[in-house]
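Step one of this worksheet: look at the structure below.
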Amino acid sequence: MATNTGKRVALVTGGGSGIGRATAVRFAELGYSCVVADIDESSAKETLRMLQTPGIAVQVDVTKATSVEAMVTAAVQHFDCAFNGAGIAERATATIADTTEDEFDRVMGVNAKGVWLCLKYEIAQMLQQEPVMSDPAKWADKPDVCRFRGVRGSIVNASSIAAHYPTPMHAPYGASKWAVLGLTKTAAVEYAKEGIRVNAVCPGFVDTPMHHRNMEKLSPGEKEKTESWHPVGRIGAPEEVAEAVCWLCSDACPFTTGEHLKIAGGS
Ligand SMILES: NC(=O)c1ccc[n+]([C@@H]2O[C@H](COP(=O)([O-])OP(=O)(O)OC[C@H]3O[C@@H](n4cnc5c(N)ncnc54)[C@H](O)[C@@H]3O)[C@@H](O)[C@H]2O)c1
């Protein structure tokens, strides 16, 4: 991916840990300023200290409209990229009949409603912004691409490989990640002509605190089986997902919207 020449700002939710943190670090390496947002403000601040570019840390609860709106307002700079990475995975040990209403609401609240709220306020802000050509030289000889490419903004949502298979014993999480794909594809179509691209990443098992918390619930045999499930024979690194998010946000793929990219070692 080319280093960006213009001033670009990336908003990252769930930026205090795992994939969100790795994504903020990669955005900064590519020259973006970052708005690192997380429900855990101290972890967002810790990520900010790891970045090579200036930025801000923001406390946000993605399940609350007022909080998400305030996050977008705090990112008053012309942010043109967003990674909606905040997510939770509750216990993966209950059938549908055994799952409680509270568990279902919590997971859907963060993973599905949270992504919808982020899209709602991010898109509203992007629509107010003038289209920007961050790297005009790149497309100088292709005026049609310039005219139609996503110049207002690019958003990537965190779905999961769980949105490609049934997820026995983990129905709320699986359902929430299918919902993210529905929101992604709908937003992509609704705002394609406004110059806003919306895509999703679908990681397999990735070495993050969330993954470790999930593995703690399994027996050693189940853990080994899970971690060797991907055809490549290993789990992913958060940096491998971050690279894909930054590519989807970049000028490298102006014709790519409404897509979901599996990053799952061949699964
Ligand atoms: N790690 C994996 O194996 C894996 C696989 C597929 C998809 N994902 C998805 O990728 C995303 C990142 O996962 P991760 O593994 O880095 O998890 P993580 O637990 O390491 O990080 C998630 C971050 O989201 C934040 N968060 C949780 N609830 C929030 C809320 N209400 N508002 C704002 N922030 C909140 C947490 O504080 C945390 O910093 C999630 O959406 C997850 O579902 C992860």
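The values are calculated or read from the model by the stated rules, or taken from the named source; none is laboratory data. If you're wondering where the values come from, they're calculated on a predicted model, not measured in any experiment. FYI the Cβ positions are ideal-geometry reconstructions off the backbone, even for glycines, and counts take in every protein chain you see. These accessible areas exclude ligands, DNA and RNA; they are computed on the full protein's heavy atoms, side chains included. Shrake-Rupley method; radii C 1.70, N 1.55, O 1.52, S 1.80 Å.
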Looking for something part of a helix (DSSP H, G or I), away from the ligand (no atom under 16 Å from the Cβ) and either open to solvent by less than 80 Å² (accessible area, probe 1.4 Å) or farther than 30 Å from A171 by Cβ (or both) - is there at least one such residue anywhere in the range 53-69?
no
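Would you call C34 farther than 21 Å from N214 by Cα, open to solvent by less than 20 Å² (accessible area, probe 1.4 Å), in contact (Cβ under 8 Å) with a residue 60 or more places away in the chain and not small (G, A, S)? Let's see the steps before the verdict.
Working: farther than 21 Å from N214 by Cα: yes; open to solvent by less than 20 Å² (accessible area, probe 1.4 Å): yes; in contact (Cβ under 8 Å) with a residue 60 or more places away in the chain: no; not small (G, A, S): yes.
It is false that C34 is farther than 21 Å from N214 by Cα, open to solvent by less than 20 Å² (accessible area, probe 1.4 Å), in contact (Cβ under 8 Å) with a residue 60 or more places away in the chain and not small (G, A, S).
Among the residues of the range 222-233, is there at least one that is open to solvent by 60 Å² or more (accessible area, probe 1.4 Å), within 14 Å of the ligand (Cβ to nearest atom) and modelled with pLDDT under 90?
Filtering the range 222-233 down to residues open to solvent by 60 Å² or more (accessible area, probe 1.4 Å) leaves 222-225, 228-229, 231-232.
Filter once more, so that each one left must be within 14 Å of the ligand (Cβ to nearest atom): 223, 229.
Within this subset, residues satisfying the condition of being modelled with pLDDT under 90 are 223.
Yes, the conditions are met somewhere in the range 222-233.
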A careful count of residues in the range 149-164 that are of a type outside the set (S, T, N, Q) and away from the ligand (no atom under 12 Å from the Cβ) gives 6
Given (1) more than 15 Å from M210 (Cβ to Cβ); (2) open to solvent by 80 Å² or more (accessible area, probe 1.4 Å), R91 misses just (1)
Taking the range 11-31 and keeping only residues that are among the β-branched types (V, I, T), open to solvent by 10 Å² or more (accessible area, probe 1.4 Å) and more than 7 Å from the ligand (Cβ to nearest atom), one is left with V25
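In the range 85-127, which residues are modelled with pLDDT of 90 or more and among the polar types (S, T, N, Q)? Step through it out loud before you land on a result.
The first filter runs over the range 85-127 and keeps only residues modelled with pLDDT of 90 or more, leaving 85-89, 94-127.
T95, T99, T100, N111, Q125 - these are the residues of the range 85-127 that are modelled with pLDDT of 90 or more and among the polar types (S, T, N, Q).
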Answer yes or no: is there a residue in the range 222-240 that is out of contact with any strand residue (DSSP E or B) (no Cβ under 8 Å at 6 or more places or on another chain), on the phi > 0 side of the Ramachandran plot, not in a strand (DSSP E or B) and not hydrophobic (A, V, I, L, M, F, W, C).
yes
Only unsatisfied item for S154, checking (1) part of a loop (DSSP other than H, G, I, E, B); (2) of a type in the set (S, T, Y); (3) buried (at least 21 other Cβ atoms within 10 Å of the Cβ), is (1)
Just to be sure before I move on: is I263 within 10 Å of the ligand (Cβ to nearest atom), modelled with pLDDT of 95 or more and in contact with a Phe, Trp or Tyr (Cβ under 6 Å, 6 or more places away or on another chain) in the structure I sent?
no
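Anything in the range 89-112 that is of a type in the set (A, V, I, L, M), within 15 Å of the ligand (Cβ to nearest atom) and part of a loop (DSSP other than H, G, I, E, B)? List them, or say none. Explain how you work it out, then say what you get.
Let us first name the residues in the range 89-112 that are of a type in the set (A, V, I, L, M), namely 89, 92, 94, 96-97, 107-108, 110, 112.
Restricting the remaining residues to those that are within 15 Å of the ligand (Cβ to nearest atom) gives 89, 92, 107-108, 110, 112.
Of everything in the range 89-112, those that are of a type in the set (A, V, I, L, M), within 15 Å of the ligand (Cβ to nearest atom) and part of a loop (DSSP other than H, G, I, E, B) turn out to be A89, A92.
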- Item | Some residue of the range 172-188 being farther than 19 Å from I19 by Cα and hydroxyl-bearing (S, T, Y) | yes
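Could you grab me the full set of residues in the range 188-210 that are in a helix (DSSP H, G or I) and open to solvent by 10 Å² or more (accessible area, probe 1.4 Å)?
Just the residues of the range 188-210 that are in a helix (DSSP H, G or I), to begin with: 188-194, 209-210.
Matches in the range 188-210: V189, E190, Y191, A192, K193, E194, P209, M210.
Which of the residues that make up the range 1-48 are among the charged types (D, E, K, R) and modelled with pLDDT under 95?
Restricting attention to the range 1-48, the residues satisfying the condition of being among the charged types (D, E, K, R) are 7-8, 21, 26, 29, 38, 40-41, 45-46.
K7, R8, listed by residue number.
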Across the range 241-267, the tally of residues that are part of a helix (DSSP H, G or I) and without any contact (Cβ under 8 Å) to a residue 40 or more places away in the chain stands at 0
